[in-house]
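Step one of this worksheet: look at the structure below.
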Amino acid sequence: MRISTLPASPQAWPEALGGAPLWRLSQDALHPSADPLQAAWLVITGEAVTAEHLAALAPVLARHRVETCLYPPAPACRQTLLLGCDRFSPELAHSLRELALPFEVAHLATLPTLAEPGLLVMDMDSTAIRIECIDEIARLAGVGVQVAAVTAAAMQGKLEFADSLRNRVALLAGAPVGILDEVAAHMPWMPGLAELVETLKQAGWRLAIASGGFTRFAGELQQALGLDAIFANELAVEDGKLTGLVSGPIVDATVKAEVLTRLGEQYGVVRSQRVAVGDGANDLKMMAAAGLGIAIHAKPVVRAQAAASIEHHDLDGVLSLLQASGAALLRWDR
């Protein structure tokens, strides 16, 4: 069947395509097939996934000579299409990043499944929550402009993280500790956070935060969401005021990667089932240590290196990606 003649809703495609178990994708058509491809994956996510998404990608796949098959859309993943590939192509992954499509598309060598134990480790600031807490503290302390400029440079990888954090925290010296409570009381969660956590917990996954931010805020999330672990920095306080120092070792890029690996081993989660989500350059080592690294609303240097990138969604996009293997893959031996 030609892609242009498919029904509007992917949920209606199986009937329209004659009930075949899956379909091979050509430049402009889908062909019935019973031969699954599972050497790599292509995951498409959009607010309203349509045949136009397939039509936009088919020529790109053909140019890179990557064969794909479309799995039946899973009922739980109405915004997601899953295609198996005959191989993983780094060139295709690079091309898809460069296309700036109006929907999410990820070409992955491996795809975690919620049908098996897993581990998700998230960054906090601008990932689990919508703000950079240190910038909000600084704004209330009257040094917001100075601190925000350093934060932006650090997240883009232009500054060494530990030194940049010490320099920013030093500017907070003398600020009343009550500022932390004020920021915590108005800390906006990233949309989709609660649903992501609840769904993964129901699937038996472990969840943690590894943050270059602060324990005051990570602890708030842990208590509210029932997270398994948090790793963040401790602001030193004396006489009810911030001293301008960080207590103990700093949670930097190396520590984040170590946290993910250590938790994976502690919980008995294989590497392919370890997922890291973040937005800044200090998340790249953690993403590289994971089976799947996901960038969310990330800086260009992070988008260029992450296996998957979420730009048009929030944490609901991460959930869609992790659910993609769902019902479709349960029909085949993994």
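The values are calculated or read from the model by the stated rules, or taken from the named source; none is laboratory data. Everything numeric here is computed off the predicted structure, so don't read it as measured data. Positions of Cβ are backbone-derived with ideal geometry, glycine not excepted, and every protein chain shown enters the neighbour counts. These area figures cover heavy atoms from the full protein model, side chains too; ligands, DNA and RNA do not enter into them. Shrake-Rupley method; radii C 1.70, N 1.55, O 1.52, S 1.80 Å.
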Legend entry - Selection within the range 155-169 - touching a residue at least 40 places away in the same chain (Cβ under 8 Å) and open to solvent by less than 80 Å² (accessible area, probe 1.4 Å): 155, 156, 157, 161, 162, 165, 169
Legend entry - Out of 127, 151, sole residue that is open to solvent by less than 10 Å² (accessible area, probe 1.4 Å) and free of Cβ contacts under 8 Å to residues at least 24 places away in the same chain: 151
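Let me confirm something: among 47, 91, which residue is part of a loop (DSSP other than H, G, I, E, B), surrounded by fewer than 19 Cβ atoms within 10 Å (Cβ to Cβ) and within 22 Å of the chain's Cα centre (by Cα)?
One residue alone meets the criteria, 47.
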Legend entry - Members of the range 50-85 found to be in a loop (DSSP other than H, G, I, E, B) and surrounded by 15 or more Cβ atoms within 10 Å (Cβ to Cβ), listed by number: 50, 64, 66, 67, 71, 72, 73, 74, 77, 79
Inset, instruction - Considering each of 172, 196 in turn, give the residue that is assigned to a loop (DSSP other than H, G, I, E, B), at pLDDT 95 or above and crowded, with 19+ Cβ neighbours inside 10 Å. - result: 172
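Is it the case that residue 205 is over 20 Å from residue 161 (Cβ atoms), crowded, with 22+ Cβ neighbours inside 10 Å and not charged (D, E, K, R)? Working first, answer last.
On the way: over 20 Å from residue 161 (Cβ atoms): yes; crowded, with 22+ Cβ neighbours inside 10 Å: yes; not charged (D, E, K, R): yes.
Considered against the rule, which asks whether it is over 20 Å from residue 161 (Cβ atoms), crowded, with 22+ Cβ neighbours inside 10 Å and not charged (D, E, K, R), residue 205 comes out as yes.
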